[in-house]
Each structure stands twice: as C-alpha cells, then as structure tokens.
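In what follows, a single structure is set out as structure tokens and then discussed.
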Amino acid sequence: MRVNFRRNAAGYVIFCLLAIFALPATANNAMQNFVWHKTPVDVVDIGFKDGTGKTLHLSDFRDRVVLLNFWATWCAPCRREMPDLDSLQKKYGSKDFLVLALSQDRKGLDAVKEFYAEIGVSNLALYIDQKARTGRKLRVPGLPTTILLSRTGQEIGRLVGPAEWFSPEAQKIIEKALAAK
C-alpha cells in the first residue's frame, strides 16, 4: 500500500493547528468534544513503563476507572492540560480512579521528570512509552488524546484534542463513570 505523505502531513498539521486553537473556543463548554460510546469498546492491553522503569499494562489497572491521556512535553496543548489533569488526580485519585498520563516522549523519562518539576505536577505518577507505539494500537490520531476506560478496561469515551480537565463539565464525566458499576 502506498501512502501519500504530503496529504497525510498536511492533515496532521491542520489537526495540530485546530488542537492549539480549539481550547479558547471551548471556554463555554469545556468538554463539548468528549464522545461517550453507546456500547463499551474493547481495547488492546498496551504495555508501557512507570517512573522506575517497570513494565506495566492497562490490565494492571482493572477495577478502576482510568482516564488515559496520551501526551508529550513537546506538545503545547498537552502542556496546558497537565495542571488540570494533576488537579483531577488530586481530587478523584483513589483505588477507584486514576489519571494515567502516558507520555510519548522519545527523550525518555528524564524529559518528563523535568517537565513535571517545572510546572509543579505532584499528583500524577510517571508513565512513558518512549517508542510511542501505544497510541497507534489504540487508534490515537494525535496529541493530546484522552480515553476513558471503565473498571472492566473497556473504552467508554474519548476526547481528541485539548480540554479543560478540571472544569465542572469534566468532573461530571468522571463522576458519571465512577457511578457506573
């Protein structure tokens, strides 16, 4: 199969520009791009590393609602989301809920640690996929993309692009997912 790189590259650039400028446009409804699935969707049990270099899998977090955020330190909209994600983890983080911010940084764990220290992230654990393969397995079209997983590990919702993750609308989404049994 032959891929037209110019066409795909142009589409990616347009997506990135829309993502950068979409956040101010969504100020009235911070979560308007969040899509709930009519039925839960099975996901591939991706593997990644934690802050100590230990390999983990999504299945390690079953029995918890997981907000899986694909991001990178070089992604401007991703960087803007991190304080909200950190606050969301602080408020809801428990044996029932986890914000799993999965870095796609090829520069490795040190780049993520440096960024967390720079902006004062203190509630999010370090998770990284340095080879950036996990996003493709879960059909992530670009960064940031956030996937909401049920306690059974199935995808129940998704948001492509930046969002205000500590807004009242976002908290209602998390509370709805936590209320589902």
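Nothing in this text is a laboratory measurement; each read-out follows from the coordinates by a stated rule. Note that the coordinates shown come from a computational prediction; the quantities given were computed from them, not determined experimentally. For neighbour counting, all protein chains shown are included, and Cβ atoms are generated from backbone atoms with ideal geometry for every residue, glycine included.
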- Estimated inter-spin distance, Arg80 and Asn123, nm [label 7 Å along Cα→Cβ]: 2.1 nm
- Item | Distance between modelled label sites at Lys176 and Asn33, nm, 7 Å Cα→Cβ extension | 1.8 nm
- Item | Selection from Gly120, Gln89, Ile156 lying farthest towards where the dipole of region 44-181 points positive, charges on Cβ | Ile156
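Among Ser122, Ser87, which comes first, then next, by fewest other beta-carbon atoms within 10 Å? All intermediate terms of the calculation are to be shown ahead of the outcome.
Working: Ser122 10, Ser87 17.
By the 10 Å Cβ count, ascending: Ser122, Ser87.
Between their Cα atoms, which of Lys131/Lys181; Lys113/Lys181; Lys49/Lys181; Lys91/Lys113; Lys49/Lys176 are more than 32 Å away from each other? Don't skip to the answer; put the middle values down first.
Numbers: Lys131/Lys181 35 Å; Lys113/Lys181 35 Å; Lys49/Lys181 29 Å; Lys91/Lys113 22 Å; Lys49/Lys176 29 Å.
In this structure, Lys131/Lys181; Lys113/Lys181 exceed 32 Å between Cα atoms.
Assuming a ≥ b ≥ c are the square roots of the Cα gyration tensor eigenvalues, decide whether region 5-179 counts as rounded (a/c under 1.5), prolate (otherwise, with a/b larger than b/c) or oblate.
Numbers: a/c = 1.21, a/b = 1.06, b/c = 1.14.
Rounded, because the longest to shortest axis ratio a/c is under 1.5.
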- Note on the structure: Long-range amide H partners of Tyr127, meaning residues 5 or more apart or on another chain whose placed amide H is closer than 5 Å, are Ser103
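Could you tell me the relative contact order of region 74-181? Use alpha-carbon pairs under 8 Å, at least six residues apart, and round to a whole percent. Show your work: numbers first, answer last.
On the way: 121 pairs, mean separation 31.0, N = 108.
Answer for region 74-181 is 29 percent.
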- Message: Per residue of region 64-77, what does 6.51 cos²θ - 1.76 cosθ + 1.60 with θ = phi - 60° give for ³J(HN,Hα)? Whole Hz please, x for Gly and Pro, Karplus curve as stated.
- Response: 10, 7, 10, 9, 8, 10, 8, 8, 8, 5, 7, 9, 4, x
- Item | Nitroxide proxy distance, nm - points 7 Å out along Cα→Cβ at Asp63 and Lys90 | 2.8 nm
- In whole angstrom, the spacing between the Cα centers of region 48-94 and region 139-181 equals 12 Å
